[in-house]
Each structure stands twice: as structure tokens, then as C-alpha cells.
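**Student:** Quick one: structure below, then a few questions.
The values are calculated or read from the model by the stated rules, or taken from the named source; none is laboratory data. It should be emphasised that the depicted structure is a prediction, and the values quoted were computed from it without experimental measurement. Ideal geometry is used to build each Cβ from the backbone, glycine not excepted, and the neighbour counts take in all protein chains shown.
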Amino acid sequence: MKKLCYKLEEWLEIGGTRKDIILLVIAGLALLCSIFHVFSLPFDIAWVAIILCGVPIILEAVIGLVTRFDIKADVLVSMALIASVCIGEDFAAGEVAFIMQLGALLEDLTVAKARAGIEKLVHLSPQTARVLGENGEQIIPAEQVRVADRIRVLPGETIPVDGVIVSGQTSVNQAVMTGESLPVDKQEGDEVFSGTVNQFGAFEMTATKVGEDSSIQRMIRLVQSADAGKAKIVGLADRWATWIVVTALTAAALTWLITGQIIRAVTILVVFCPCALVLATPTAVVAAIGNATKHGFLVREGDALERLAGVKKITFDKTGTLTYGKPEVTKVVVTDPALTEDVLYRLVAAAEGNSEHPLGKAIVGCYQKKYGEKPVADSFQMLPGKGIVAGVDGREVLAGNPALMTGHGVILTEAVYSMAEQEQKQGATIIYIAVDGKQAGFFALADTLRSESVSMIQKLKTLSVTPVLLTGDTENVARAIADRLEIDQVRSSCLPEDKLSYIDTLQKQGEKVCMIGDGINDAPALKMADVGIAMGGIGSDIAVDAADIALVDDKVEQLPHLFALAGRMMRTIRINLTFSMTLNFVAIILAITGILNPVVGALVHNAGSVLVITHSALLLRFKRSDL
């Protein structure tokens, strides 16, 4: 018997939303024809609804009882269906089955489809590596690299395994691992990680972690396992099903014994069917999702808003979430009296005109925005890991780090270092400038804060939601941003596993946590959090696939509305449930006294269901005025 039930369970799972909608339409038309006696048939056409909608419910109930002794709402519905059919009330049976399947379809429509995020992450894994050996350079599959192998990485290539640079200098884009908005300069002795991108200089490295131990493979495992403990919310009707079934059976049996009228007992079973109770949650969720969509949110998990309503702590990634993720010139310091700020800015913008480095591009972009022109250099040379050397209007311009200055005999004074240090404490990156072999000043560049971030954080606080900053940036950068946003809790220099660990710790302490981020490095944390929100406009596809909700247009000022909407949705659900249960008990009393028959009882349920749907629909227009 159990084997047969398992086979039936597999068969019932085959299908799709389109098929369910078609069956419901056919069943609904059959019920309308039954009401108005459209066809003269030897049987009630309501049997079409019973077969299409009722039989699957009965099969599910039997399977649940036999295989798991699982009593859900469908057990009571099945009893009402069978009892109604037994006494000839076919329309009542078909109507109850139709309403129950409509509720199930609404729930299915809010459940996210299978996601391809992990598959996309796997595609980021480096496929090949240039291994140096006795026979020269050989290109082999990345998974065949062994610890201590010497590997060459060319500009633009993805680093195949974790290791240490033994020769060369470069800049590496580590956003995939740390989320840092700017490339990191690397030289001999520095660590590099698999999956990150070498941007400029060629270098050689020694492999330290390979195969499943490499950083990108650890990331894949984190994403695959992070949501294993994220429990789905069980429908309230199913949670209370055992008590509803016992109460309904008891009431029906006592009524039959006392009155001797089986029709009253059947009516009790019909009116006790939790139709409105089943519709109470999915209709509110669907309406709330519709409201969220109008405010730029794509809700990808049906129960995400239910979970969000219980969240009291929200963790933010910095780059691309609270900031724009693009560096801009925040300050130009001139130390050569012979130069003005405008002249120095023009010389440096011309020098950086051919640079592929994000900082160089940022300087050129900011200059064009401010002055409306793009000056051109006479000559250009890139020195990976140090900076650039260019000729502009017959003058030699150096722009880079202290190593570049030292290598060209330029002495940076303590005063310049002191001023630069103050800017670094505010989260800026420093580009030192020399003109014709003489110190000329520096440029400070920083990732700029979104204009709406400050007010958004304040509004979240008014909703009793505590913000936390989790970022891969250094402590100085993280603290500078947190101070401006008035965020008290900060975690800096976070790798993906650090964010994951922090969220896991909070959850073990009983806290409900929301995570919002935009990068691949945020994907494990987005999966682990009770609710993950990804920046859909600029965010990584993998981050979006790992999240429950995507902010399509990246307007973070809408986050407080989402939290307020989740709270209102849960209030609507509670009102719906209270109303539906009250209606059920009043209908039972009327059924016991014989005032209601099965058909009228089913119509009462219809009226209750319509009221629940109407009340839920009010969520479509919800807008909290004080946000």
C-alpha cells in the first residue's frame, strides 16, 4: 500500500501551473453550468469539478495519511467531499473542491521556480592554468594543478587556484571574493585567490590551495549549503488541521447521534472546510507581492514577505548597496606652488587618459564632468602595481603609489603623508602625483555614498530594524561610511565565509536576519539569511539568483516600504484568519440547528472567501504615509 502511495505521490507532482489553471477554468465553467442547469445530462455536470479538483485532494490526503500519517487540511476537505457525494449534494462537493484547488494554485504561483545561481557560479570557476615546469609552459585543466606548482597568470586572466606571488607585480580585481570596489595592488609575497581577475601585469605564483580547497570552490559549497536550514512556513490551515479534523468529526458525529439527520452532519463537514482559512494567507501574499512589484521589488520566494515581517536586524553589504560602487575624486591636494588645482587636474586627467585602471578612469570621468573636455597625453606607460608615467604638454607626469615615486627619485614629504593619512581614515584611496620629477600633491578617490542611504537607514530604525554593515573593505573605509550613516554595528574585511558565519551566529541567538547585497561574494550570506535581498539593477546575476527578493531598480529608499508592507501583510493575514474561523464556527452552529443545508453552507463559504480576497486586495494600495 505504501509503495503504491509513493508512486501516486510522484505522479501528482508531475504537471505545471498552466495545466492547473486550465483545469480550474474547466471546473469553474462546469459549476456555473450546474447552477443554471445549462445541459440536460444524466448526471450533474458538477462532477467535472469533483473529478478535476476533488480527486487530487483525496489522493493527497490518503497518501499523506498512509505514508507519513500527516493530517493536513485536505483530510477534512476529503471527508466533506465524500460525505456530500454520498448524500447526493454534488454541487456542494464540486464547489468545495474548486475553492480548495484555487487556494493551492495561488500558493503555487507565489513559490519561486528552480534557480540557476549555483550553476552560474560554477561557470566562474577557472577552467585552465599555465603551469611552468621542466618542459616550459603547459596549459592544463585547473583541477589538475597541485600544491607547490608554479603558475604564470597573464593580464585579463582569471587566477586558477589560491597561491602566493613569487615574481611580478599587478592589480587584481577581488570583487568576486571580497566585494571591494577597487582593484588591489599585488607584489611578491602577496596572496591571490582563485576566481579573482588579474587586470594588468603578468606574474608568477606558487599554488597553495587547489581543487576543492580553493577559494572559488569553497564559495560554491557555501552557496549550495547555506539555505539548507531555511525552513519554509507551513500554512496555518495545515498546522491546525489535526484539531480542525477532530473538532469537525466530533461535532458531525454528535449532531448525527442526537438529531438522527445525516444531512446536518454532512453540512457541518462542508461548512467546517477551511476554504477561507486556506485563502487567507495566499491571497494576502499575492496582493502584497503585487504592491512590492510596483515599488521596484521582485519577490522570488512566496513566503519571503512572511519571513521579512519577523526581521529585526538587517545586514548591509557596502559597495553597490549603500554606495554607488564607483570611485570618484573627492579631493585634489596641490603641494607645488607653481601649479593650480585646475592645471594639476588637467595634467593628471590627460596622463590617465589611456589607463585601464578604475582609478585612472574615475579621474578622467570626474574631470570631464567638471570641465567638459578630455585632455590627451603625448606618451603613456603603465607600470603594473605602481602607477603610470606619461608625457603631457612636454611635461613628465607620474601618478601612482609611493613605490612609483621612490623608483623615480621623487621624495614625498611628511606633510603630504600626513594629509593623505587623514583622507585614508575617511575611506579614500590616494594617488600621489609628481610633475617633472617634483612632488606635486595627491588625488583622494572614494566610493560615493548613495544620496538616499542616510534617510533610508533612519526610516528603518523607526521601524525597529537594526542596521549592520558587513563589508570586505578595510576598517577605515567601513567605519567612515558607517559613521556617516549612523550605523553602530560594523564588520570589516569580511570574506564570504565571515558574512555567513556572522549571520549564522545571529540566527543561533534567535534573531531573524535580512541580508542585502549585490555581489557574487554576497551570495552565500543572501542564501543563509532568513530573507535575502539582492540589488537587481547593478547586482550580479548570481546574487540575484541566491536572494529571495530582488530590488530591480536599485532604489534602496524603498526598503522601509518593503518592511512596512510585510508587517501590514501579516496583520491582514491575522484578520483574515480570525474572520474565517469565526465564520466557520457561526456556520457550524447554524448547521447543527438545521438552518443551513450543504449547498447553502457551501455558498456561505463562498461569501467568506470573497470577503477574504477583497480584504487582501486592499494591500495592493498600501502606502505608509510616514515613510
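**Student:** Find all pairs meeting these conditions: Cβ atoms under 7 angstrom apart; at least six residues apart or on different chains; first residue within segment 365-382 and more than 13 Å from Y345 (Cβ to Cβ); second residue part of a loop (DSSP other than H, G, I, E, B).
**Tutor:** Matching pairs, first to second residue: M382/F200; M382/S355.
**Student:** Then there is this: In segment 543-599, which residue that is within 24 Å of V266 (Cβ to Cβ) and of a type in the set (G, A, S) is surrounded by the fewest Cβ atoms within 10 Å (Cβ to Cβ)?
**Tutor:** G594
**Student:** Out of (1) surrounded by 24 or more Cβ atoms within 10 Å (Cβ to Cβ); (2) at pLDDT 85 or above; (3) part of a loop (DSSP other than H, G, I, E, B), what's the single condition that is false for D336?
**Tutor:** Just one mismatch for D336, condition (1).
**Student:** Still on this structure, I have one more. Identify, from the list E9, E13, the residue that is modelled with pLDDT under 65, touching a Ser or Thr at 6+ places or on another chain (Cβ under 8 Å) and surrounded by fewer than 22 Cβ atoms within 10 Å (Cβ to Cβ).
**Tutor:** Answer to the check: E9.
Conditions (1) modelled with pLDDT under 95; (2) outside any strand (DSSP E or B); (3) under 16 Å from E341 (Cβ atoms), marked per residue:
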{"residue": "G365", "(1), (2), (3)": "yes, yes, no"}
{"residue": "K369", "(1), (2), (3)": "yes, yes, yes"}
{"residue": "K374", "(1), (2), (3)": "yes, yes, no"}
{"residue": "F380", "(1), (2), (3)": "yes, no, no"}
{"residue": "G385", "(1), (2), (3)": "yes, yes, no"}
{"residue": "V389", "(1), (2), (3)": "no, no, no"}
{"residue": "Q424", "(1), (2), (3)": "yes, yes, no"}
{"residue": "I433", "(1), (2), (3)": "no, no, yes"}
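**Student:** Also, quick follow-up: Test each condition in (1) farther than 23 Å from G360 by Cβ; (2) acidic (D, E); (3) modelled with pLDDT under 85 for D185 and report the one that comes out false.
**Tutor:** For D185, the exception is condition (1).
**Student:** Further, regarding this structure: Taking the stated definitions as given, is I487 part of a strand (DSSP E or B), in contact (Cβ under 8 Å) with a residue 60 or more places away in the chain and crowded, with 18+ Cβ neighbours inside 10 Å?
**Tutor:** In short, no.
**Student:** Could you please find all residues in segment 435-451 being out of contact with any Lys or Arg (no Cβ under 7 Å at 6 or more places or on another chain), surrounded by fewer than 17 Cβ atoms within 10 Å (Cβ to Cβ) and among the charged types (D, E, K, R)?
**Tutor:** K438
**Student:** How many residues does segment 483-498 hold that are touching a Leu at 6+ places or on another chain (Cβ under 6 Å) and modelled with pLDDT of 90 or more?
**Tutor:** Here the count works out to 3.
**Student:** When you look at T593, is it out of contact with any Pro (no Cβ under 9 Å at 6 or more places or on another chain), modelled with pLDDT under 85 and of a type outside the set (G, A, S), yes or no?
**Tutor:** yes
**Student:** Could you list, in sequence order, all residues of segment 499-550 that are assigned to a loop (DSSP other than H, G, I, E, B), within 16 Å of E301 (Cβ to Cβ) and either modelled with pLDDT of 75 or more or among the hydroxyl-bearing types (S, T, Y) (or both)?
**Tutor:** K512, A529, D530, A547, D548
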